[in-house]
1. Take the residues in segment 60-105 that are more than 16 Å from residue 42 (Cβ to Cβ) and among the aliphatic types (A, V, I, L, M); name whichever of them is farthest from the chain's Cα centre (by Cα).
2. So which of 130, 55, 116 ends up being under 20 Å from residue 3 (Cα atoms), touching a strand residue (DSSP E or B) at 6+ places or on another chain (Cβ under 6 Å) and aromatic (Phe, Trp, Tyr)?
3. Name the residue that is surrounded by the most Cβ atoms within 10 Å (Cβ to Cβ), counting only residues in segment 53-83 that are among the charged types (D, E, K, R) and over 21 Å from residue 11 (Cα atoms).
4. Within segment 59-73, can one find any residue that is in contact with a Phe, Trp or Tyr (Cβ under 9 Å, 6 or more places away or on another chain), farther than 21 Å from residue 124 by Cβ and modelled with pLDDT of 95 or more?
5. In segment 12-43, which residues are touching a residue at least 40 places away in the same chain (Cβ under 8 Å), open to solvent by 50 Å² or more (accessible area, probe 1.4 Å) and over 27 Å from residue 98 (Cα atoms)?
6. Go through (1) open to solvent by 20 Å² or more (accessible area, probe 1.4 Å); (2) at pLDDT 95 or above and name the single condition residue 50 misses.
7. Do the conditions hold for residue 111, that is, is it under 19 Å from residue 20 (Cβ atoms), crowded, with 16+ Cβ neighbours inside 10 Å and at pLDDT below 95?
8. Which count do you get for residues in segment 79-110 that are outside any strand (DSSP E or B) and basic (Lys, Arg)?
Amino acid sequence: MRWWDIDPVLDLEKALFPEDAWSRGMFWSELAHSRGPEATRRYVVAEQDGRITGYAGLVASGDQGDVQTIAVARDHWGSGLGARLLTELLRAATAFECTEVMLECRVDNVRAQQLYERFGFAPIGVRRGYYQPGNVDALVMRLSDPATSVNGVQGT
């Protein structure tokens with residue numbers, strides 16, 4: 001993801017997450033930490049026919065990675081794009097030498113939970129009222145050793 005992707009990413013963000021969409025400033029801040037030798041972030045976009053159809057981001061801190069966001073345009077749900085984006089984040093986590101990756105997922109987003117479980121993520125807790133302003137709980141999930149899950153199936 002580059003700065004010129006922010007406006008189309010924001011359009012997709014608002015369409016998919018109308019209550020808790022990230023702001024332009026949040027994306028700018030993340031991208032500011034994604035380049036150069038001191039980079040701690042990796043953000044990617046997927047495009048088809050010049051249109052951004054998905055995006056994802058990861059932050060690395062020490063030996064832990066955190067999936068910050070994954071989004072896929074509704075007309076691409078079920079296409080495998082979410083798995084490809086997650087694979088890219090796990091490759092980045094491996095490059096950052098992360099030994100585990102964490103994420104939060106809305107408790108009502110079963111589709112995403114199934115994707116994460118396929119990659120080897122396991123639930124470890126719940127954060128009450130994490131998603132605001134809707135006051136929706138988040139399922140906290142962890143993946144040990146992201147290098148073993150970059151192909152979408154634990155241990156491959």
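The values are calculated or read from the model by the stated rules, or taken from the named source; none is laboratory data. Just so you know, these numbers come straight off a predicted model, no measurement behind them. Cβ sites come from the backbone with ideal geometry, for glycine too, and all protein chains shown count toward neighbours. SASA here: full protein model, heavy atoms, side chains in, ligands and nucleic acids out. Shrake-Rupley method; radii C 1.70, N 1.55, O 1.52, S 1.80 Å.
1. Residue satisfying both the conditions and the ranking: 73.
2. Working: 130 fails: under 20 Å from residue 3 (Cα atoms); 116 fails: under 20 Å from residue 3 (Cα atoms).
None of the others qualify; the one that does is 55.
3. If we filter segment 53-83 for residues that are among the charged types (D, E, K, R), which is where we start, we get 63, 66, 74-75.
Then keep just the ones that are over 21 Å from residue 11 (Cα atoms); that gives 63, 66.
On the way: 63: 11, 66: 18.
Applying the filter and picking the extreme gives 66.
4. yes
5. Matches in segment 12-43: 15, 17, 19.
6. (2)
7. Details: under 19 Å from residue 20 (Cβ atoms): yes; crowded, with 16+ Cβ neighbours inside 10 Å: no; at pLDDT below 95: yes.
When the stated conditions are applied, residue 111 does not pass them.
8. Summing the residues that are outside any strand (DSSP E or B) and basic (Lys, Arg) in segment 79-110 gives 2.
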